[in-house]
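Working notes for the structure below.
The values are calculated or read from the model by the stated rules, or taken from the named source; none is laboratory data. Because the structure is predicted, anything quoted here is derived from the model rather than measured. No Cβ is skipped: glycine too gets one built from the backbone with ideal geometry, and neighbour counts run over all protein chains shown.
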């Protein structure tokens, strides 16, 4: 029987001193066919463990409807096959720059507290999830050595009853390996987010001496563990691409390892925020600061890049880790090939308005605009319609709060675009008139006090000082675009209007990775063979979308995109990413 334990200031694996050299890789941000390659890259860098979060909203997108529940277990098995131990961070909250921090959009009750309604939902999810973790613990022949209680709770609350409920629930469901918490290295984080009998770890990107001194003061005699060494960072739309000097990151890693600490690289390999899974953040004041949605790429400037290739940071980290790994490192796996450069011209188009019957849910009427959540919609679009009574004069048309972006139409004509936290557009109309508002969700806040926010038009639609009541809404989930009624052909000179779907064909001899660019196009979504790849936006910094080889097939492949703002040039398949 194997074992993993915390004893004094050390970790013990099968009774012998052990240093955890871990790297974060999220199974849900990497296509399953590529797990083994990425895990082998972790081993080749010098790591002995992989860490992953578990996003609750991926597995229970609608209350009581579970999906993809076996993926975590399959990932842990793949890690074991590559010789890696595993750390599991099941939440229920994960942050991770993931939509709503992993919490389902349908949750009610006071989230991340002892609220009985919230805890009932958590318990039901853990009942379904945790058996596959428990049966893969190292004590039962598997590779799981640690399980986290919540995540960075000291950044949010101080409900010790809630944390105790979660810890007891993990144990009651069969978790017998050490539990741990992870928080920032300061007294208020650590006093709010920890439990006295649970290992405390800290998260930081620099100055390990100060961070570990804070941990030692709080928990003298406990092993030092940086559960998130932020060796890179993530990007927001409209902001500069964030990178970290590889030598600086390697120096910080060397310093913490020289102190005898264990480490988890966050991220070792970031992957991709496929579909509409990217979160958002408030920058500055966490309640009223600037709201910024996260880009589709989760490359994170990690040592293993988005497509699994080693970076300069990888080679420097490998040099450092080789001195602590306790043996010769495996050979670095070859990087998978990429497709040759190509140009793709749209072959057909279909307007979004004319596609509603094929894509949208039934129309719902309500006194005020229903939120996305009221319509059972996680993300996508909602087409709202209201009537301005008349006859009346010309007055301002006001949207007091937009979450997160809205195309506004008056009597079928586009009047303009309104954005969350943006300057109020100067919309005016007389009455009678028909007002339509197409609202797009760009990701729920994943960190801080705004968790659990709702999407849509929570401030309603107003004409002058008067609410427009009697609003209809059609949800457009964007999951399946196979029914889009493409008609006609597009000439060599690209034509077509925004707020339309476009289709092109990509022919390949053998599937390989690719990078898709949409030069001149404004903002929208891309599907590859029916799989929603993610969002694109001319604001950048991201200019290409990563297309994993498993999404392609030999022969013809269908590329569909929904353009909301502006029609551009032919699409391009590129051999290198452009992330800013």
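Which number in (1) buried (at least 21 other Cβ atoms within 10 Å of the Cβ); (2) out of contact with any helix residue (DSSP H, G or I) (no Cβ under 9 Å at 6 or more places or on another chain); (3) more than 23 Å from residue 351 (Cβ to Cβ) marks the one condition that residue 428 misses?
For residue 428, the exception is condition (1).
Using the structure shown, decide if residue 535 is touching a residue at least 12 places away in the same chain (Cβ under 8 Å), crowded, with 18+ Cβ neighbours inside 10 Å and over 20 Å from residue 404 (Cβ atoms).
On the way: touching a residue at least 12 places away in the same chain (Cβ under 8 Å): yes; crowded, with 18+ Cβ neighbours inside 10 Å: yes; over 20 Å from residue 404 (Cβ atoms): no.
The answer is no for residue 535.
Table: residues versus (1) in contact with a strand residue (DSSP E or B) (Cβ under 9 Å, 6 or more places away or on another chain); (2) within 14 Å of residue 89 (Cα to Cα).
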| residue | (1), (2) |
| --- | --- |
| 162 | no, no |
| 170 | yes, yes |
| 175 | yes, yes |
| 181 | yes, yes |
| 185 | yes, no |
| 188 | no, no |
| 193 | yes, no |
| 206 | yes, no |
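Which count do you get for residues in the stretch 9-34 that are within 23 Å of residue 229 (Cα to Cα) and in contact (Cβ under 8 Å) with a residue 40 or more places away in the chain?
Going through the stretch 9-34 one residue at a time, the tally reaches 16.
Is there a residue in the stretch 151-159 that is over 20 Å from residue 28 (Cα atoms), part of a helix (DSSP H, G or I), more than 21 Å from the chain's Cα centre (by Cα) and modelled with pLDDT of 95 or more? Before the answer, list the steps.
Here is the first cut: in the stretch 151-159, the ones over 20 Å from residue 28 (Cα atoms) are 152-159.
Now narrow it down to the ones that are part of a helix (DSSP H, G or I): 153-155.
Applying the additional criterion that residues be more than 21 Å from the chain's Cα centre (by Cα) yields 154.
Add one more test, that the residue is modelled with pLDDT of 95 or more, and what stays is 154.
Yes, the conditions are met somewhere in the stretch 151-159.
Return the residues of the stretch 440-462 that are assigned to a strand (DSSP E or B) and either touching a helix residue (DSSP H, G or I) at 6+ places or on another chain (Cβ under 9 Å) or surrounded by fewer than 24 Cβ atoms within 10 Å (Cβ to Cβ) (or both); say none if nothing qualifies. Before you say what the answer is, go through the steps one by one.
Let us first name the residues in the stretch 440-462 that are assigned to a strand (DSSP E or B), namely 440, 445, 456, 462.
Passing the criteria: 445, 456, 462.
Assigned to a loop (DSSP other than H, G, I, E, B) and more than 27 Å from the chain's Cα centre (by Cα): is that true of residue 340 in this structure?
Details: assigned to a loop (DSSP other than H, G, I, E, B): yes; more than 27 Å from the chain's Cα centre (by Cα): yes.
Yes, satisfied.
Among the strands (runs of 3 or more DSSP E) lying completely within the stretch 360-435, list those that include at least 2 residues that are within 26 Å of residue 498 (Cβ to Cβ) and touching a strand residue (DSSP E or B) at 6+ places or on another chain (Cβ under 9 Å). Steps first, answer last, please.
Values: elements: 364-366, 381-398, 405-410, 413-419.
Ranges flagged: 381-398, 405-410, 413-419.
Identify the residue in the stretch 205-235 that is part of a helix (DSSP H, G or I) and surrounded by fewer than 16 Cβ atoms within 10 Å (Cβ to Cβ) and, among all such residues, is farthest from the chain's Cα centre (by Cα).
Going through the stretch 205-235, the residues part of a helix (DSSP H, G or I) turn out to be 208-218.
Imposing the further condition that a residue be surrounded by fewer than 16 Cβ atoms within 10 Å (Cβ to Cβ) reduces the set to 209-210, 213, 216-217.
Values: 209: 31, 210: 30, 213: 32, 216: 33, 217: 34 Å.
The extreme case among them is 217.
Yes/no per residue for (1) part of a strand (DSSP E or B); (2) under 20 Å from residue 540 (Cβ atoms); (3) out of contact with any strand residue (DSSP E or B) (no Cβ under 8 Å at 6 or more places or on another chain):
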| residue | (1), (2), (3) |
| --- | --- |
| 247 | no, no, yes |
| 250 | no, no, yes |
| 276 | no, yes, no |
| 281 | yes, yes, no |
| 293 | yes, yes, no |
| 302 | no, yes, no |
| 307 | no, yes, no |
| 321 | no, no, no |
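Check 336, 369, 346 and return the single one that is surrounded by 15 or more Cβ atoms within 10 Å (Cβ to Cβ), assigned by TED's automatic domain parsing to the domain that holds residue 505 and touching a residue at least 60 places away in the same chain (Cβ under 8 Å).
On the way: 336 fails: assigned by TED's automatic domain parsing to the domain that holds residue 505; 369 fails: assigned by TED's automatic domain parsing to the domain that holds residue 505.
None of the other options fit; the residue is 346.
Of all residues in the stretch 138-149, which are in contact with a helix residue (DSSP H, G or I) (Cβ under 6 Å, 6 or more places away or on another chain) and free of Cβ contacts under 8 Å to residues at least 60 places away in the same chain?
Passing the criteria: only 149.
Of everything in the stretch 1-33 that's in a helix (DSSP H, G or I) and touching a strand residue (DSSP E or B) at 6+ places or on another chain (Cβ under 9 Å), which residue is surrounded by the most Cβ atoms within 10 Å (Cβ to Cβ)? Write out each step before concluding.
Here is the first cut: in the stretch 1-33, the ones in a helix (DSSP H, G or I) are 27-29, 32-33.
Keeping just the survivors that are touching a strand residue (DSSP E or B) at 6+ places or on another chain (Cβ under 9 Å) gives 27-29.
On the way: 27: 26, 28: 23, 29: 24.
Top of the filtered list is 27.
Out of 548, 519, I need the residue that is touching a helix residue (DSSP H, G or I) at 6+ places or on another chain (Cβ under 7 Å) and either over 27 Å from residue 375 (Cβ atoms) or not assigned by TED's automatic domain parsing to the domain that holds residue 378 (or both). Which one?
Details: 519 fails: touching a helix residue (DSSP H, G or I) at 6+ places or on another chain (Cβ under 7 Å).
Exactly one of 548, 519 is touching a helix residue (DSSP H, G or I) at 6+ places or on another chain (Cβ under 7 Å) and either over 27 Å from residue 375 (Cβ atoms) or not assigned by TED's automatic domain parsing to the domain that holds residue 378 (or both), namely 548.
Output the residues belonging to the stretch 177-202 that are in a strand (DSSP E or B) and out of contact with any helix residue (DSSP H, G or I) (no Cβ under 7 Å at 6 or more places or on another chain).
Narrowing the stretch 177-202 to residues in a strand (DSSP E or B): 179-183, 199-202.
Selection gives 180, 182, 199, 201.
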